[in-house]
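As structure tokens, the structure follows; a few thoughts come after it.
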Amino acid sequence: MSSPLKSVAPSAIIKAAVSEDHKRPRLADLRIHDKSKLISATVVRGAARAADFLTATVLGLAIALLYVNEPQVASSPIYLTAIAATGLFVVGAFEVLSLYTIAAFTSILRQMPRIVLGWTIAFGLFVVSVFFTKMGAELSRVWLAIWYTAGATALIGERLIISTLTRGWMREGRLYRRAVLYGANDVSSEVIAELEADAGSDIRISGIFDDRIDERNPRIVAGYPHLGGLDSLLTFARETRIDLIIVALPMHAEQRLASVLRTLSVLPVDIKLPARSSPVRFSRSVYTHIGSVPMIDLSDKPIADWGNVVKWLFDKTIAAAALVLLAPVMLAIAAAIKFESKGPVLFRQKRYGFNNDLIEVLKFRSMFTDRCDASASRLVTKDDPRVTRVGRIIRKTSLDELPQLINVLFGDLSLVGPRPHALQAKAGTQLYDAVVDGYFARHKVKPGITGWAQINGWRGETDTEEKIKKRVEHDIYYIENWSIFLDLYILVKTPFALLNAENAY
């Protein structure tokens, strides 16, 4: 099994490629060890729509409350309906005028006339609606005039803020999907040429990978550096943010394609196959597009776009509330630990997190200080002499995990997800990744305090191969079927699962 932790140093290759080929390709992004988070263009566009709607409607309501008699505004649905309808008209007009593209966000000076035009069209539609519904007599004309003038100014100001943010994200490379290609062949060259011909492409290419290194595979492919084979790709994707892998292999090479996909499936990235890799032409519904280039989806990020936003809000809101509500319980546990044995209240342990990143997980200390096992090379067993009396109670009830709510606030953990395992945790005498093929696929999402495996009876000690296989099986199910409603269901079920302390020592 290929190890995703095998070291590789592509920096020298990249530097050599850039020095030899002075004209860097248009889509090149050759940064390494850059883990800046991708900001979804879908989320940015959605947030801009919401900002436009709120700017128009809140301003309209504020002017109405200040200028018109307040009780009249509050009691009359006419003003509220008019304001809401105009907000929707603004979003519709801006959509028609292509003001919800990343290019439009970054070129605010060129877009100002279209912003004013869109606002004028929206306001005109509102005025026409008022005329045909004969509501004009009930609305203040001065309010309309002030709202129109202030609205144009406010929308331009709001778009200036969006433009400033967007330009900064563009400079940091956070609005571009960073891609690599696997397969140094004619298909790769053709796909790259098509992507570079697309002026609006949101893809940046970091390099080419291929295990077949011979005269057919030069060090530079279509201007991009050849950075190694499959193991190098796995390591590169651990060390540098990669959002997309394009597997440029012919579909008739079934065994090689299947092997590559099986290896890459542990990464939290989108994996696509160029449509030109297959001589068969499918129906349109089979294809997705990167710009104008048709692709076949092989694997998707488990949580992306608005899913990331919703899960982030879910985690932060509930974790903050839980910390406040459980503060007395946590203080009592801390006092009990301190009273029973010397040493720190909290135990810090390195574990594998999202995409195999090392994170430091917090727990209440449940062992004697001089017997703590930071690497978990030896699992805790029933009546383990290393565990304190307080430790036995908090481990059985999982109260030792409460400090991990702090990890959730810091962004290392999620409330719900696969439980993070210690570095040297073993099933019997073997490390978990040696027991379970594709074990690292459970790191495609952020690890959690509780998870699908825990509420289905696979909580606690994993001392046998069957136990770790079952836990990973449930973790993969969670990843493939994630929804915020599943997270909520798992949270609700967790207290009941804690009643079964059979394997928790």
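Quick notes
- Note on H226, H252: ascending count of other Cβ atoms within 10 Å places them as H252, H226, the fewest first.
- Compactness of the stretch 41-171 as Cα Rg over 2.2 N^0.38 Å, two decimals: 1.09
- In this structure, the amide hydrogen of V221, modeled 1.01 Å from its nitrogen in the peptide plane, lies closer than 5 angstrom to those of H226, counting only residues at least 5 positions away or on a different chain.
- Peptides ranked, highest mean first, by Cβ atoms within 10 Å: ranges 152-160, 305-313, 434-442: 434-442, 152-160, 305-313
- Among S366, S232, S483, S76, a tally of other beta-carbon atoms within 10 Å of each Cβ gives an order, fewest to most, of S483, S76, S232, S366.
- Placing +1 on each Lys and Arg Cβ and -1 on each Asp and Glu Cβ, with no other charges, gives the chain a dipole about its Cα centre of roughly 860 debye.
- Scanning residues 5 or more positions from G451 or on other chains, those with amide H under 5 Å from its amide H are G417, with H placed 1.01 Å from N in the peptide plane.
- Bridges between two residues of the chain, per DSSP, are antiparallel at a rate of about 55%.
- Converting phi to 3J(HN,Hα) with the Karplus coefficients 6.51, -1.76 and 1.60 and the offset θ = phi - 60°, the stretch 440-446 yields 6, 5, 5, 9, 6, 10, 5 Hz in sequence order, with x at every glycine or proline.
- Ordering of 317-330, 234-247 by burial proxy (mean other Cβ atoms within 10 Å per residue, highest first): 234-247, 317-330
- Kyte-Doolittle mean at least 1.6 and Cα axial length at least 24 Å: DSSP H helices in the chain: 77-96
- Our helix-only sum for the chain, with -39,500 (n - 2.57) per DSSP H run of n ≥ 4 divided by its residues, gives a mean residue ellipticity at 222 nm of -15500 deg cm²/dmol.
- Note that the chain, at 25 °C in a medium of 0.890 mPa s, gets a Stokes-Einstein diffusion coefficient of 92 µm²/s from its Kirkwood radius over C-alpha pairs.
- Taking amide H atoms as placed 1.01 Å from N in the peptide plane, the amide H of V445 lies under 5 Å from those of N355, each 5 or more residues away in sequence or on another chain.
- Sorted by Cβ density within 10 Å, fewest first, the residues V90, V492: V492, V90
Any read-out appearing in this document is the output of simple, stated calculations on the displayed coordinates, not a laboratory observation. Fair warning: this is a prediction, and the values are worked out from it, not measured in the lab. Methodologically, a virtual Cβ is constructed for each residue, glycine included, from the backbone with ideal geometry; neighbour enumeration extends over all protein chains shown.
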